[in-house]
1. How many angstrom lie between the C-alpha centres of the stretch 464-499 and the stretch 7-74?
2. Take every Cα pair under 8 Å in the stretch 161-315 that's 6+ residues apart, average their separations, divide by the length, and report that relative contact order as a whole percent.
3. For residue 356 and residue 442 in one chain, what is 0.36 nm times their gap in residues minus the Cα-Cα distance, to one decimal in nm?
4. Starting from the alpha-carbon convex hull of the stretch 359-425, give the projected area averaged over all orientations, in nm².
5. Taking θ as phi - 60°, what are the ³J(HN,Hα) couplings along the stretch 230-239 by the Karplus curve (6.51, -1.76, 1.60), each to the nearest whole Hz, with x for Gly and Pro?
6. With all distinct Cα pairs included, what does the Kirkwood hydrodynamic radius of the stretch 381-469 come out to in Å, to one decimal, could you say?
7. Rounded to the nearest 10 degrees, what's the angle between the helix 10-21 long axis and the longest principal axis of the chain, both from Cα atoms, 0 to 90?
8. Expressed in nm to one decimal, what extension gain is obtained for the pair residue 21 and residue 220 from 0.36 nm per residue of sequence separation less their Cα-Cα distance?
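FYI, it's all coordinate maths here, none of it is from the lab. As the structure is a prediction and not an experimental result, all values here were calculated from the model. For neighbour counting, all protein chains shown are included, and Cβ atoms are generated from backbone atoms with ideal geometry for every residue, glycine included.
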Amino acid sequence: MDKNLSDKNLLNEARKYESIHEKDIQSGMRPLFHLTPRVGWMNDPNGFCIYKGRYHMFYQYHPFVSQWDDMYWGHAVSDDLIHWTYMPAAMAPDEEYDKDGCFSGCSVALDDGRHLLIYTGVRNEEQEDGQLRYIQTQNIAVGDGENYVKYEGNPVITEKDLPAGGSRHDFRDPKVWRRSDGTYIMAVGNRSADDSGQILLYKSEDCFNWEYWRVLAANNNRYGKMWECPDFFELDGKWVLIVSPQDMLPEGFEYHNGDGTLCLIGSYDETTGEFREERDQAIDYGIDFYAPQTILTEDGRRVMIGWMQNWDACAIRKSKAPWAGQMSVPRELAVQDGRLYQTPIRELETLRHDPVIIKDMRISGEKWIDGIEGRTVDMTLVIRPADLQNIYHKFTVRFARNDRFWTSLSFRPHERTLKVDRKFSGSRRAIVHQRRCLVNDTVGCLKLRIILDRFSVEAFINDGEQVMSSALYTDPEITGISFFADGDAVIDIEKYSLY
Ligand code: FRU
């Protein structure tokens, strides 16, 4: 699209475009309960919040083609985080300071009822060497839950507010929360002088005037390079810092190459801003998960939604597809024994129908089970050895399966690995198709809760101790599910169709 900044019509054009072209996408072409862009492209969740009694989810959005480009903010609302209603696009890149993109950010409801979108504005600037490079600043739009006006005092945080050595090119993704004394704190991702990431903290009395405070956490080249999309919150007596690092190196089965998402769990002093890290952990061990955001629900649950895609695996969809990108299932978080646990939000259970309950079924070789099929499914599977002296070698569940296509989860108890494999899912790209994680089994016993929703699988391992998520591209009409054991296994199944 040609962009003419003097003409303030970019947002209206996007709103018109999405309201016409969403009709090209019939409901069966989208997931049942995972949020997808109204049209076009989606990446990170943005501004995830509760405002005027409803959940709001904004997202990185390019309506006109299903590919990343100058970013807009898309918008949807929900009463239960499972059923979503689209709202008109919230922001367009239509100001000098955000002309090349309204990048990720958060939202805040002020006491006077105004709703603020706090985001990174990006503009390309020609550098001394003639190269164009992004300049990133933090900005605000003020609104009512539907229409937002960019604040005349933008940008509210610029390179002048960076600590020494902080990059003005990588300075993005503000997340704001309120302290018990009523003041606001903002965490922002930044590249530091050592070329890796750091999370900066800013302080404000009114959410408009910001002052640099300190570094919350420094990467020191430990976990990848630049840290994107911070979130920071208290949970079960600990503080959890979530970041999405770029350019990771693998570490055993914990971290994989490329873009990853991890959390640092520790303690935090609200007065001094000092964060003491105690543990680190991957958030998702599958293929597609990035840039999550959390909210605290009114009944006190910390709920996280991530972008169920990853930059390194994006090539899989063609730009002529009517939509690209989806959010993860909302996940309730807990910290137990120093680990982050995730379980699908309990509201998902309202979609459960047609239970199939199976106890103590012996599996040896391949088996198809009556009533176990579908692409919108919530299935809990408990696997154990038939003979403790002779534990099976491998157990596999295949889904989205017919003779030609399938995706699988395979557990090898002797190696303690669980592998997701979508090589035969219909992908025509040489992207990542497999990933393994190391699980905590007890002599061949494993519990998996598998959530299928037409274009994805999310496997919650051992009551949420680990999660593996992957986008799938198999025709949603392909609904087979089969089981296989190399050796003798015994399984219990509790399976529901979701609709
Ligand atoms: C993370 C990210 C953010 C940025 C946005 C741009 O996926 O790179 O750091 O704000 O996407 O779309």
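1. A separation of 30 Å, based on Cα centres.
2. 14
3. That works out to 28.4 nm of additional length.
4. Computing the convex hull of the Cα atoms and averaging its projections yields 5.3 nm².
5. Coupling constants for the stretch 230-239: x, 9, 8, 7, 8, 8, 6, x, 10, 10 Hz.
6. One decimal place: 13.7 Å for the Kirkwood radius.
7. Once rounded, one gets 30 degrees.
8. 67.1 nm
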